[in-house]
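Beneath this line is the structure, given in structure tokens, with notes to follow.
The values are calculated or read from the model by the stated rules, or taken from the named source; none is laboratory data. The structure presented is a predicted model; accordingly, all values stated were derived computationally and were not measured. Virtual Cβ from ideal backbone geometry, glycine too; neighbours counted across all protein chains shown. Calculation scope for accessible area: heavy atoms of the full protein, side chains included, ligands and nucleic acids excluded. Shrake-Rupley method; radii C 1.70, N 1.55, O 1.52, S 1.80 Å.
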Amino acid sequence: MKTALTIAGSDSSGGAGIQADLKTFSAHGVYGMSVIVSITAQNTQKVVEVEDLSPKIIGAQLDAVFSDIKVDAVKIGMVSNPGAIGVIAEKLIQYKPKFVVLDPVMVSKSGYDLLKPEARNSLIEKLLPLATVVTPNLFEAERLINKREITTIEGMKEAAKQIYALGPQAVLIKGGHLEGDAIDVFYDGKQFETFEEERIETKNTHGTGCTLSSAIASHLAKGETLQEAIEGAKKYIQGAIRHSLAIGRGSGPTNHFFQWFEK
Ligand SMILES: Nc1ncnc2c1ncn2[C@@H]1O[C@H](COP(=O)(O)OP(=O)(O)O)[C@@H](O)[C@H]1O
Ligand SMILES: Cc1ncc(COP(=O)(O)OP(=O)(O)O)c(N)n1
């Protein structure tokens with residue numbers, strides 16, 4: 001069985017973060033492992049509180065996994081603070097996993113800062129250059145390159161070029177917050193590609209970014225090319241949103257095991 005490791009924050013409501021990643025790995029038949037960076041007290045309506053784990057225990061989790069198990073792909077989500085980012089970068093340089101999917105999580109849909117403002121530069125300098133692909137949403141793309149507002153496909157392409165110049169092997173800017181269809185823009189330094197699906201009208205989109213990035217990691221772990229991995233992940237998130245769950249009183253989660261419910 002292929003393996004994937006998520007390095008991210010825990011979401012007590014189970015729709016985003018580590019919980020979404022492990023469900024996604026399982027739904028793809030990939031053995032999932034986790035390094036917890038932060039614990040969030042969170043539900044479908046809000047993030048109530050966040051507690052970061054120490055760089056020491058983050059490093060110990062990484063050593064425990066990498067010293068024993070072959071990791072076929074890594075997904076990075078909420079990394080919270082400069083100390084956590086420092087130890088994650090150090091260990092990735094040491095263990096050299098083949099694929100690193102970096103979701104530069106900054107703010108939850110409910111509006112809570114999941115990346116401390118002072119950690120932005122560390123994320124750019126230390127993690128972006130280690131990424132096989134970085135998957136910002138529109139807001140995160142704006143923050144990475146200090147751009148005002150990205151609202152069009154042309155704007156996404158220009159931003160993808162600028163983010164690519166920061167060091168990742170490829171960039172996928174997600175268009176979940178665009179007007180109209182859900183169009184994601186890919187750039188690998190040579191060519192652009194768009195991944196397009198129709199927008200599904202629902203408020204239950206908690207954890208869509210986490211789910212897409214861990215699905216990309218799952219496909220990479222199974223040996224697909226990056227473009228094949230994104231194509232597969234995009235189809236998966238579309239199904240997961242189409243069958244999303246009205247659980248909780250706010251923005252409910254996607255359905256990671258929607259295949260079980262399709263006739
Ligand atoms: N309502 C929707 N219908 C279809 N696809 C969506 C919808 N919302 C988000 N997506 C897709 O889900 C993935 C995650 O995107 P996005 O929601 O922008 O990320 P994030 O959760 O990081 O803000 C992207 O592939 C995006 O196009
Ligand atoms: C612990 C944790 N990590 C990440 C997120 C953000 O996930 P995302 O997929 O961007 O989903 P939304 O917050 O936008 O619904 C999170 N909320 N918690």
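From the list 102, 128, which one is under 22 Å from residue 39 (Cα atoms) and under 16 Å from the mean Cα position of the chain (by Cα)?
Working: 128 fails: under 22 Å from residue 39 (Cα atoms).
Criteria check complete, one pass: 102.
Anything in region 243-261 that is under 14 Å from residue 27 (Cα atoms), in contact (Cβ under 8 Å) with a residue 60 or more places away in the chain and open to solvent by less than 20 Å² (accessible area, probe 1.4 Å)? List them, or say none.
Answer for region 243-261, where residues must be under 14 Å from residue 27 (Cα atoms), in contact (Cβ under 8 Å) with a residue 60 or more places away in the chain and open to solvent by less than 20 Å² (accessible area, probe 1.4 Å): 254, 256.
Taking the options 14, 29, name whichever one is under 20 Å from residue 208 (Cα atoms), within 16 Å of ligand 1 (Cβ to nearest atom) and surrounded by fewer than 22 Cβ atoms within 10 Å (Cβ to Cβ). Lay out the reasoning, then the answer.
Working: 29 fails: within 16 Å of ligand 1 (Cβ to nearest atom).
Unique residue meeting the criteria: 14.
Can you name every residue in region 120-159 that is of a type outside the set (Val, Ile, Thr) and within 14 Å of ligand 1 (Cβ to nearest atom)?
Step one: of region 120-159, the residues of a type outside the set (Val, Ile, Thr) are 120-123, 125-131, 136-144, 146-149, 154-159.
Answer for region 120-159, where residues must be of a type outside the set (Val, Ile, Thr) and within 14 Å of ligand 1 (Cβ to nearest atom): 136, 137, 138, 139, 140, 141, 142, 143, 144, 156, 159.
Of all residues in region 102-117, count the ones that are out of contact with any Leu (no Cβ under 7 Å at 6 or more places or on another chain) and more than 17 Å from residue 47 (Cβ to Cβ).
Within region 102-117, residues that are out of contact with any Leu (no Cβ under 7 Å at 6 or more places or on another chain) and more than 17 Å from residue 47 (Cβ to Cβ) number 0.
Which one is farthest from residue 44 (Cα to Cα) among residues in region 181-227 that are hydroxyl-bearing (Ser, Thr, Tyr) and away from ligand 2 (no atom under 16 Å from the Cβ)? Even if it seems obvious, please write down each step before you answer.
Initial filter on region 181-227 (hydroxyl-bearing (Ser, Thr, Tyr)): 187, 194, 202, 205, 208, 211, 213-214, 218, 225.
This time we only want the ones that are away from ligand 2 (no atom under 16 Å from the Cβ), so: 187, 194, 225.
Numbers: 187: 32, 194: 30, 225: 34 Å.
The extreme case among them is 225.
Given the residues 240, 246, 217, which is the only one that is more than 24 Å from residue 79 (Cα to Cα), in contact with a helix residue (DSSP H, G or I) (Cβ under 8 Å, 6 or more places away or on another chain) and either at pLDDT 95 or above or away from ligand 1 (no atom under 12 Å from the Cβ) (or both)? Full working, then the answer.
Details: 246 fails: in contact with a helix residue (DSSP H, G or I) (Cβ under 8 Å, 6 or more places away or on another chain); 217 fails: more than 24 Å from residue 79 (Cα to Cα).
Sole residue among the options that is more than 24 Å from residue 79 (Cα to Cα), in contact with a helix residue (DSSP H, G or I) (Cβ under 8 Å, 6 or more places away or on another chain) and either at pLDDT 95 or above or away from ligand 1 (no atom under 12 Å from the Cβ) (or both): 240.
Contact list please: Cβ distance under 6 Å, first residue in region 174-202 and in a loop (DSSP other than H, G, I, E, B), second residue more than 10 Å from ligand 1 (Cβ to nearest atom) and among the aromatic types (Phe, Trp, Tyr), pairs at least six apart or on different chains.
Within 6 Å, the pairs are 189/164.
In region 1-11, how many are of a type outside the set (A, V, I, L, M), in a strand (DSSP E or B) and away from ligand 1 (no atom under 16 Å from the Cβ)? Don't jump to the end; show me each part of the working.
The initial filter retains those residues of region 1-11 that are of a type outside the set (A, V, I, L, M), namely 2-3, 6, 9-11.
Restricting the remaining residues to those that are in a strand (DSSP E or B) gives 3, 6, 9-11.
Applying the additional criterion that residues be away from ligand 1 (no atom under 16 Å from the Cβ) yields 3, 10.
Selection size over region 1-11: 2.
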